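The values are calculated or read from the model by the stated rules, or taken from the named source; none is laboratory data. Keep in mind that what you see is a predicted model, and the values were worked out from it rather than measured. Cβ coordinates were reconstructed from backbone atoms using ideal geometry, including for glycine residues, and neighbour counts include every protein chain displayed. The protein model used for the area step is the full one, side chains on, heavy atoms only, and it has no ligands, DNA or RNA in it. Shrake-Rupley method; radii C 1.70, N 1.55, O 1.52, S 1.80 Å.
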Amino acid sequence: MSKTPNGKNVLIIEDEVKLARFVELELRYEGYGVDVAHDGRGGLRLFREKAFDIVLLDLMLPGIDGMEIVKILRGGSDSSVRTDVPIIMLTAKGEITDKVTGLDSGADDYITKPFVIEELLARMRAALKKKHINDTEENGILTLNNLKIDTLRRYVEVSGETVELTKTEYELLVYLVQNKNNVITRDQILNEVWGYNYLGETNVVDVYIRYLRQKLDDRFNTKFIHTLRGVGYIAKD
Ligand code: CA
């Protein structure tokens with residue numbers, strides 16, 4: 001049984017069919033939407049047709065290789081595929097050169113084959129999180145209806161009225177609003193807000209959601225945070 005869809009779509013471009021299939025199944029299990037291409041051209045075609053949140057890109061591919069694809073996605077002449085979505089390179093040992101690891105490659109991260117799936121998942125989460133933060137940093141403001149978060153000053157207000165939040169409440173709210181209109185599971189919240197290695201009670205999420213609701217929903221008589229029973233939470237615009 002797979003986990004709840006997490007709303008993130010992954011494009012895998014990898015010519016080793018077995019490896020691509022293995023990663024696809026693991027990611028589907030984790031709730032990702034997955035498309036697979038086994039060569040560069042197919043990958044670019046999919047990229048034109050669909051919106052992806054992250055790309056897993058093999059370096060050595062038939063036809064157009066991984067480095068070429070990075071160049072095309074990062075501001076080549078073809079604006080229909082130009083993108084700033086995170087790219088994680090999949091490389092075999094020995095293929096790792098300064099060109100791959102260097103910041104100028106345009107990829108966000110790389111992982112060496114063979115890898116354990118947990119390592120890949122962790123890198124993907126990190127890359128997606130970084131993207132979120134970068135998107136927010138353009139002006140530092142997140143909004144949800146009449147709620148406004150100034151992430152540069154760590155300041156929250158609703159219709160101009162200041163809301164005082166603790167550090168954890170604030171981080172939980174930011175995470176929910178960054179993912180607004182997407183269902184967030186308790187596991188995702190635990191991983192993102194409390195950290196991957198959190199070992200305490202899982203109902204800590206529900207407790208903090210309750211605190212937030214007292215300070216937001218109750219006080220302003222609005223429903224900012226919705227519960228999906230047995231699934232998780234969603235901040236709705
Ligand atoms: Ca390959």
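Data overview
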item: V36 of a type in the set (A, V, I, L, M, F, W, C) and either over 30 Å from K180 (Cβ atoms) or within 16 Å of the ligand (Cβ to nearest atom) (or both); result: yes
item: Filter pass, H226 being outside any loop (DSSP other than H, G, I, E, B) and touching a helix residue (DSSP H, G or I) at 6+ places or on another chain (Cβ under 6 Å); result: no
item: Residues of segment 81-99 classified as under 22 Å from the mean Cα position of the chain (by Cα) and either within 15 Å of the ligand (Cβ to nearest atom) or in a loop (DSSP other than H, G, I, E, B) (or both), total; result: 10
item: Segment 59-75, residues that are surrounded by 15 or more Cβ atoms within 10 Å (Cβ to Cβ) and of a type outside the set (K, R); result: L59, L61, I64, D65, G66, M67, I69, V70, I72, L73
item: Residue that is touching a Ser or Thr at 6+ places or on another chain (Cβ under 7 Å) and either acidic (D, E) or surrounded by 12 or more Cβ atoms within 10 Å (Cβ to Cβ) (or both), where the choices are L165, L173, L147, L142; result: L142
item: Members of segment 33-64 found to be assigned to a loop (DSSP other than H, G, I, E, B) and farther than 19 Å from D84 by Cα, listed by number; result: H38, D39, M60, L61, P62, G63, I64
item: Some residue of segment 203-218 being under 27 Å from E30 (Cβ atoms), open to solvent by 70 Å² or more (accessible area, probe 1.4 Å) and not in a helix (DSSP H, G or I); result: yes
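To keep it simple, each residue is scored yes or no on (1) in contact with a Ser or Thr (Cβ under 6 Å, 6 or more places away or on another chain); (2) of a type outside the set (D, E, K, R); (3) touching a residue at least 12 places away in the same chain (Cβ under 8 Å).
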| residue | (1), (2), (3) |
| --- | --- |
| E16 | no, no, yes |
| Y32 | no, yes, yes |
| L46 | no, yes, yes |
| E49 | no, no, no |
| F52 | no, yes, yes |
| D65 | no, no, yes |
| L73 | yes, yes, yes |
| T83 | no, yes, yes |
| L90 | no, yes, yes |
